[in-house]
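One structure is given below, encoded as structure tokens.
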Amino acid sequence: MESFEQRLIMIKKYFLLLLVLLVIISGCTANKKNYKPDKRFSGQQLRQDYTLLRNILEEKHPALYWYTPKDSMDYYFDSLYNNIADSMTEVQYGWSVLAPLTQKIRCGHTSFGMSKNWNKYIKGKQIPSFPLHLKLCADTMVVSFNLNKKDSILKRGTIITSINSVSSATLIHEMFKYLPADGYADNVNYVRLSSNFPYYHRSIYGIYKNYRVGYIDSTGREKKLLLPMFVATVDTTKKKTAVTPVVKKNKKKERKETIESYRSLKIDTIANTALFTLNTFSNGDGKRLRRFIKKTFKKIDRQQINNLILDLRGNGGGDVGLYVLLNKYLCKTPFKVADTTYAVAKSLRPYTKYIRKGFYNNIALIFFSRKKKDGNYHYGFWERHFYKPKQRHHYDGKLFVLTNGPTFSAASLLCNSIKGQSNVLLVGEETGGGWHGNSGILIPDITLPNTKLRVRLPLFKMVQFNHVPKTGRGIAPDVFIPQTIEGVKYSLDRKMDYVKYLIKKDTAAIK
């Protein structure tokens with residue numbers, strides 16, 4: 001008799017074959033070039049999408065009212081519905097309606113995304129925007145890059161006090177209303193805005209021909225400057241050569257660089273220190289990452305490395321199974337994935353067709369969750385099963401974990417599990433992932449039928465193992481090192497520098 005796994009694999013093969021055929025057929029009948037980013041959708045279409053989204057969230061989201069009470073959430077649902085105009089473009093609808101709606105849920109895994117066609121259209125294009133990239137330090141904005149390279153005034157490190165007569169503190173507070181977060185752990189959004197301020201400012205406020213910018217000059221005085229919007233131009237002054245040399249891509253080198261952007265290991269034998277940078281628990285290459293983790297600790301053990309720096313500042317989470325593997329090498333006591341993990345529905349019906357991989361997610365909900373007395377469908381295995389630490393190649397030296405806002409999801413599970421351990425020091429900033437818990441495990445996209453805009457839908461609510469009280473905050477570091485103006489101006493990695501200082505100091509003390 002065939003096992004369930006064998007039957008599931010067979011079903012998946014047939015489903016994928018059918019999907020490929022449908023893609024081929026649709027590709028023959030639909031021309032992607034016909035996509036119009038400025039297309040306006042009617043109020044009726046927009047309200048249909050919105051009503052569908054509200055129904056799905058109210059019936060299937062496991063933590064819709066975790067931080068926002070039902071009466072408040074109903075108010076936000078109704079008020080944003082009333083804000084839908086008679087016609088709106090995809091960008092207008094997404095950023096003025098869906099973004100503030102998903103932010104009110106206060107779930108870092110519930111966010112909206114543009115349609116696939118929009119993402120394909122925008123790829124590689126330069127759109128007019130605010131001309132400054134800014135780093136956020138608390139309520140202060142600092143220039144990190146000026147798109148106008150000829151500007152000799154607003155250099156890296158310049159403090160920006162206002163944009164279009166709105167103070168920096170007010171602007172940051174207002175922009176946060178469009179960005180998701182776990183509870184009140186907004187630290188992740190400081191990093192989001194710092195990563196591409198022109199994009200977020202353009203999306204939320206639109207494009208202005210000119211921007212009135214307040215700043216602090218070199219003498220410490222506040223001044224104002226009128227900046228034109230940035231428009232990328234093509235340099236036509238360069239002479240065209242008859243033959244453009246073809247530069248062959250080194251695929252092996254590109255592959256190596258891609259892998260190292262996910263994870264890397266550097267060992268300094270003189271300082272007896274290993275730097276393990278892990279930017280994801282899921283990059284579509286889980287088997288290789290699993291091998292990499294095993295090889296890392298085997299190598300660290302054989303070389304008798306006593307100091308390990310684990311950099312999780314870019315780790316947004318991913319495969320919980322890979323978190324479990326890593327934690328086995330670091331945690332000294334048995335641990336569970338979570339104290340509580342549950343969904344609020346047994347299936348995604350009647351909305352399966354609107355949800356990515358809805359068929360497979362329904363199977364997962366059926367076979368991995370069981371209804372309990374509280375009326376919810378619990379992932380019992382992770383609530384009950386304890387994992388034991390590895391005995392072979394287990395790391396017992398000093399462990400320094402670097403954290404900040406983007407330390408999220410599975411990465412926050414790891415931080416919670418090892419925080420307080422005698423050999424562990426968390427250094428940096430509050431994690432974006434909730435300390436008490438978060439929602440996730442399975443996170444398919446909802447695709448709205450008219451606009452094709454997408455909204456992420458976590459299917460399970462998770463309360464951390466040995467959880468702290470629910471305050472809505474992320475995991476606090478043992479040593480807090482925030483972003484500073486000087487750090488931005490001189491491109492300093494203050495968190496890494498501090499840890500290296502501690503290691504050097506301890507090494508000198510031993511000698």
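The values are calculated or read from the model by the stated rules, or taken from the named source; none is laboratory data. Since this is a predicted model, take the numbers as computed values, not measurements. In this analysis, Cβ positions are derived from the backbone assuming ideal geometry, glycine residues included, and neighbour counts consider all displayed protein chains.
Consider the stretch 383-396. How many of its residues are in contact with a helix residue (DSSP H, G or I) (Cβ under 8 Å, 6 or more places away or on another chain), surrounded by 13 or more Cβ atoms within 10 Å (Cβ to Cβ) and either outside any strand (DSSP E or B) or not assigned by TED's automatic domain parsing to the domain that holds ILE293 (or both)?
5
Mind telling me which of the residues TYR387, TYR395 ends up being under 30 Å from ASP506 (Cα atoms), touching a residue at least 60 places away in the same chain (Cβ under 8 Å) and among the aromatic types (Phe, Trp, Tyr)?
TYR395
Would you kindly identify the helices (runs of 4 or more DSSP H) lying entirely within the stretch 402-511 that contain at least 3 residues that are closer than 17 Å to ALA181 by Cβ? Before the answer, list the steps.
Numbers: elements: 410-418, 485-489, 494-510.
Counting at least 3 such residues, we get 410-418.
So which of LEU426, LEU402 is out of contact with any Gly (no Cβ under 8 Å at 6 or more places or on another chain), at pLDDT 95 or above, crowded, with 20+ Cβ neighbours inside 10 Å and assigned by TED's automatic domain parsing to the domain that holds LEU312?
Working: LEU402 fails: out of contact with any Gly (no Cβ under 8 Å at 6 or more places or on another chain).
Answer to the selection: LEU426.
Got at least one residue in the stretch 112-127 being touching a Gly at 6+ places or on another chain (Cβ under 8 Å) and crowded, with 23+ Cβ neighbours inside 10 Å?
There is at least one residue in the stretch 112-127 that is touching a Gly at 6+ places or on another chain (Cβ under 8 Å) and crowded, with 23+ Cβ neighbours inside 10 Å.
Exactly one condition in (1) of a type in the set (D, E, K, R); (2) at pLDDT below 95; (3) under 19 Å from LYS177 (Cα atoms); (4) under 20 Å from the mean Cα position of the chain (by Cα) is not met by ASP139; state its number.
Here ASP139 clears every test but (4).
Testing LEU22 on (1) under 27 Å from the mean Cα position of the chain (by Cα); (2) at pLDDT below 50, one condition comes back false. Which one is that?
Failed condition: (1).
Keeping to the stretch 405-423, report how many residues are crowded, with 24+ Cβ neighbours inside 10 Å and without any contact (Cβ under 8 Å) to a residue 12 or more places away in the chain.
Number satisfying all stated conditions: 0.
Out of contact with any Asp or Glu (no Cβ under 6 Å at 6 or more places or on another chain), among the hydroxyl-bearing types (Ser, Thr, Tyr) and more than 28 Å from PHE112 (Cβ to Cβ): which single residue out of TYR387, TYR354, TYR377 fits that description?
The match here is TYR387.
Regarding THR431, is this residue surrounded by 24 or more Cβ atoms within 10 Å (Cβ to Cβ) and polar (S, T, N, Q)?
Considered against the rule, which asks whether it is surrounded by 24 or more Cβ atoms within 10 Å (Cβ to Cβ) and polar (S, T, N, Q), THR431 comes out as yes.
Applying the selection to the stretch 480-511, what residues are more than 22 Å from the chain's Cα centre (by Cα), loosely packed, with under 14 Cβ neighbours inside 10 Å and closer than 19 Å to THR403 by Cα?
SER491, LEU492, ASP497, TYR501
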